[in-house]
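Read the structure below first, then the notes.
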């Protein structure tokens, strides 16, 4: 098994459905999964709405792919992305695909790539249709990425003075942890627990990723799953061992 740092990834961006403001956070996120050896963005570059991408593409070595619209109301960009994705998939060179779009048209593509045993990371807005989200192994919302790029140099310099108790910058959008989310946590703990009801938090996180690809502690304003699950109030927590410490959780009776 390759280490994460060695995994070759293909990054495909739907330029019509993404903003250059996300690019710093996006590339930082992808770096934790592997190396984006292919970086492409698709769109009709004769249109003014994509002008903001130019400087960003040069800086981050992202290759623009020109796709003219064949007719009004039809998105030729999606078709070009899908064709390229399948061509890249059949090379067998990639451990994962990063698909950046909020368009449900990519749901079948994501499902097909996963059928090949290749990991799919999706990135999009919170309005992204559920079929695309659930077709991905992991899905990250743009606003979670945006906090990396939303502050200027001065803000970053004083970041330690501008954090909430949850460890994220003020202004970070926070999703409410509702009863449905708590049920997902309970199910993941039950599925991962031993006979005494204790579950390794790492196993809980892995089960959550399979159960809900967009369940991410950062969506709720937490830097780590351990912080979220502790504040949820539904578990007892124990730290076991020394180097490294293992977090064990058990549902409260």
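Taken together, the values in this text are just the output of simple stated rules run on the coordinates, not laboratory data. Note that this is a predicted model, so its numbers are computed, not measured. Here the Cβ positions follow ideal geometry from the backbone for every residue, glycine too, while neighbour counts run over all protein chains shown.
Quick one: if you stick a label point 7 Å off each Cα along the C-beta vector at residue 194 and residue 116, how many nm between them?
Label-label distance for residue 194 and residue 116, simple model: 4.1 nm.
Ranked by Cβ crowding within 10 angstrom, fewest neighbours first, how are 65, 144, 100 ordered? Don't jump to the answer; show the numbers that get you there.
Details: 65 17, 144 23, 100 26.
Fewest-to-most ranking of 65, 144, 100: 65, 144, 100.
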